[in-house]
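Worksheet: one structure, shown below.
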Amino acid sequence: MPFTVEVAKQSLKEHNIKPSTIRIKILQYLMDNKLHPTADHIYKYLINDIPTLSKTSVYNTLELFLENNLVNIVTIDDKESRYDINTSTHGHFKCEKCNKIYDFHISSNNLNGKEIDGFIINNKKIYYEGICKECLRNLEKI
């Protein structure tokens, strides 16, 4: 379904979030840019469209989205937090050269080891780090 303001409003309402211009714009950015952006990326992109936008507003909106399970936070390293609109169970690969983060499908059935039977699992995170295909091709050209 293509992103529209009405789709954004409905999605926000479904997650118990009152729609506002800033929330709709941030949600739109996340839907259109599934690159796992940082709060700073979002701010820099939206500041031209919303001159009164503050970084605090972006952080507060992302925190609200997190609290209401509209986004997940991706913290592969301690240097930055990125935001993922895809809240389904999946893994992430971070390229050490270009810093892009890629999603990959995982089977959630294989993630429950017998060693943790009886535990309550609140979150599953699978991260790989290495060099992506595009960066490998660029290295081979050198």
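The values are calculated or read from the model by the stated rules, or taken from the named source; none is laboratory data. These figures come from a predicted structure and were not determined experimentally. Heads up, the Cβs are rebuilt from the backbone with ideal geometry, glycines too, and the neighbour counts pull from every protein chain shown. We work out accessible area using only protein heavy atoms, side chains counted, and drop any ligands, DNA or RNA first. Shrake-Rupley method; radii C 1.70, N 1.55, O 1.52, S 1.80 Å.
Quick look at the values:
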item: Complete set of residues in the stretch 6-22 that are of a type in the set (Val, Ile, Thr) and more than 17 Å from Leu53 (Cβ to Cβ); result: Val7, Ile17
item: Subset of the stretch 40-94 [touching a Leu at 6+ places or on another chain (Cβ under 8 Å) and of a type in the set (Val, Ile, Thr)]; result: Ile42, Ile47, Val58, Val71, Ile73, Ile85, Thr87, Thr89
item: Number of positions in the stretch 6-24 that are open to solvent by 80 Å² or more (accessible area, probe 1.4 Å) and not acidic (Asp, Glu); result: 5
item: Residue match in the stretch 93-108 (condition: charged (D, E, K, R), within 21 Å of Leu12 (Cα to Cα) and out of contact with any Pro (no Cβ under 7 Å at 6 or more places or on another chain)); result: no
item: Hits in the stretch 25-55 (condition: in a helix (DSSP H, G or I), in contact with a Phe, Trp or Tyr (Cβ under 8 Å, 6 or more places away or on another chain) and either touching a residue at least 60 places away in the same chain (Cβ under 8 Å) or surrounded by fewer than 14 Cβ atoms within 10 Å (Cβ to Cβ) (or both)); result: Asp32, Lys55
item: Enumerated strands (runs of 3 or more DSSP E) restricted to the stretch 67-142, each holding at least 3 residues that are open to solvent by less than 50 Å² (accessible area, probe 1.4 Å) and free of Cβ contacts under 8 Å to residues at least 60 places away in the same chain; result: 82-84, 90-95
item: Single residue of the stretch 56-66 satisfying the filter (more than 14 Å from the chain's Cα centre (by Cα) and open to solvent by 50 Å² or more (accessible area, probe 1.4 Å)) that is farthest from Ile17 (Cα to Cα); result: Thr56
item: Every residue from the stretch 118-136 that is aromatic (Phe, Trp, Tyr) and closer than 14 Å to Asp103 by Cα; result: Tyr127, Tyr128
item: Verdict on Tyr43 being of a type in the set (Phe, Trp, Tyr), within 13 Å of the chain's Cα centre (by Cα) and more than 15 Å from Thr87 (Cα to Cα); result: no
item: Tally, over the stretch 13-35, of residues that are touching a Lys or Arg at 6+ places or on another chain (Cβ under 8 Å) and modelled with pLDDT of 95 or more; result: 3
item: Residues (in contact with a strand residue (DSSP E or B) (Cβ under 8 Å, 6 or more places away or on another chain) and in contact (Cβ under 8 Å) with a residue 40 or more places away in the chain) located in the stretch 56-66; result: Phe65
